[in-house]
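Working notes, beginning with the structure itself.
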Amino acid sequence: MTLRRALLLMPVALGACEELRTPAAAPPAVLTSASSAGAPLRAAVAATAAAFAGQGAALTDRPADAALAIARLEALEMEVANRRAWPELSPSLATAMRTARNETRAALGAAQQAPGPEVVRALATVSSRLRAGDRAGAAAALPRSLFEPGGEATLDRLGALGPLPAAEQATAALLRDVRRLDLDGGWAGAGNWWQTGAPGTITDGLGAGY
């Protein structure tokens, strides 16, 4: 290789190195808050699957829990489909998670074309404010641009979502695939600490062996 060619290629190589050094954007707080140590993204998968077990029956009359569960489902759907937190996941999971997302949006009255990050932030705020006893603040966090019923009507829907079979099936399938990756050693070199657990962490299943 001539010196001239080497000099021309140097910016490309430096750019690639910079890309490798640049950490991935942090995940939504609703995912990292699922666990205080170990592997928070995997803990969020487990929590979300548990929330939607039995077609989400346990969320009835629990709007704060429902808001958090749907926020996590939205965030996980983005991780699976767009940010590719787990390159080795079954390809069918992206479709299943999108179907589940559409189902929960329809039950809640969220606009199907609403940007996912905005929906996540709004529902996380709603969950937090409801837990603090601030129903008015929770209603104010539900604009009609994102949630078509808006305000109080959307809060009422959060307490009575009805059966959510697609959410149960998709989150259970995601949980199974995460466990498969654990058993197959599929996490080796597969991402940042929030995806796989802190360096040196010994995990079993979904991190039960911390």
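List the residues, sorted by chain then number, that are 5 or more residues from residue 147 or on another chain and whose placed amide H is less than 5 Å from its amide H.
111
Compute the signed sum of charges (Lys and Arg +1, Asp and Glu -1) over the other residues within less than 10 Å, Cβ to Cβ, of residue 104.
My count for the surroundings of residue 104 gives -1.
What is the spin-label model distance, in nm, from residue 153 to residue 62 if the labels are put 7 Å beyond Cα along the C-beta direction?
Output for this residue pair reads 2.7 nm.
At what distance in nm do the modelled label points of residue 180 and residue 134 sit from each other, each positioned 7 Å from its Cα along Cα→Cβ?
Distance between label points: 4.3 nm.
Rounded, prolate or oblate: which fits the range 26-170, taking a ≥ b ≥ c as square roots of the Cα gyration tensor eigenvalues, rounded meaning a/c under 1.5, else prolate when a/b beats b/c?
Cα axes put the range 26-170 in the prolate bin.
Simple spin-label model, 7 Å along Cα-to-Cβ: residue 53 to residue 82 in nm?
3.0 nm
Can you figure out the FRET efficiency of residue 111 with residue 29, using R₀ = 30 Å and their beta-carbon distance, to the nearest 0.05?
0.85
Sorted by average packing, counted as other Cβ atoms within 10 angstrom per residue and highest first, what order do 88-98, 166-176 take? Each step should come with its number before you reach the end.
Details: 88-98: 15.8, 166-176: 21.7.
Order by mean packing, descending: 166-176, 88-98.
Each value in this text was obtained by applying a stated rule to the coordinates, not by laboratory testing. Since the structure is predicted, the reported quantities are computational estimates derived from the model, not experimental observations. Heads up, the Cβs are rebuilt from the backbone with ideal geometry, glycines too, and the neighbour counts pull from every protein chain shown.
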